[in-house]
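Laboratory data are not the source of any read-out in this text; all were calculated from the coordinates shown. Computed from a prediction, not measured in an experiment: that's the story for all the values here. A quick note on method: Cβ atoms are made from the backbone with ideal geometry, for glycine too, and the neighbour counts reach across all protein chains shown.
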Amino acid sequence: MASKAELACVYSALILVDDDVAVTGEKISTILKAAGVDVEPYWPGLFAKALEGVNVRELITNIGSGVGAAPAAGAPAAAAAGAAAPAEAAKEEKKEEEPEESDDDMGFGLFD
């Protein structure tokens with residue numbers, strides 16, 4: 001569970017992104033001071049460094065478009081065909097695996 005300090009820094013960073021302002025440690029600290037939230041001095045800089053070079057808007061808007069997302073309604077046949085290929089490849093890999101040698105075959109059996 002996130003601490004109050006973490007949540008305050010996240011919300012401050014989101015406010016800055018929403019206002020199209022660069023996310024820096026100083027600006028996060030300013031928002032936290034204005035809100036009357038007391039955090040350890042390393043939190044604002046830590047969050048600013050973590051978000052450096054990250055497009056937060058894109059990150060938020062693409063949350064639902066992960067690997068497990070459902071296929072588009074217009075392409076069910078293509079999705080089914082695409083899903084069949086990896087399943088076949090996995091079956092072939094399982095068939096190609098060589099059976100492991102038991103300890104007895106290697107001379108390490110308990111009752112030789």
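Mind ranking 28-35, 50-57 by how tightly packed they are, going by the mean number of other C-beta atoms within 10 angstrom, highest first? Please report the intermediate quantities before stating the final value.
On the way: 28-35: 16.0, 50-57: 12.1.
Taking the mean over residues of other Cβ atoms within 10 Å, the ranking is 28-35, 50-57.
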Output ³J(HN,Hα) for segment 47-62: one whole-Hz value per residue in order, computed from phi by the Karplus curve 6.51 cos²θ - 1.76 cosθ + 1.60 with θ = phi - 60°, and x for Gly and Pro. 5, 5, 5, 5, 8, 5, x, 9, 8, 5, 4, 5, 4, 5, 6, 9
In the neighborhood of L32, defined by Cβ-to-Cβ distances under 14 Å, what is the net charge if each Lys or Arg adds +1 and each Asp or Glu adds -1? -1
Relative contact order for segment 1-70 using alpha-carbon pairs under 8 Å, separation at least 6, rounded to a whole percent? 34 percent
Label point distance in nm, R57-E26, each placed 7 Å from Cα along Cα→Cβ: 2.4 nm
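Can you give the local net charge around A5? Use residues other than it whose beta-carbon is closer than 11 angstrom to its beta-carbon, Lys and Arg +1, Asp and Glu -1.
Working: positive: K4; negative: E6, D38, E40.
Around A5, the charge tally is -2.
In units of 2.2 N^0.38 Å, what is the alpha-carbon radius of gyration of segment 1-54?
Values: Rg = 10.0 Å, N = 54, 2.2 N^0.38 = 10.0 Å.
In units of the 2.2 N^0.38 Å rule of thumb, it is 0.99.
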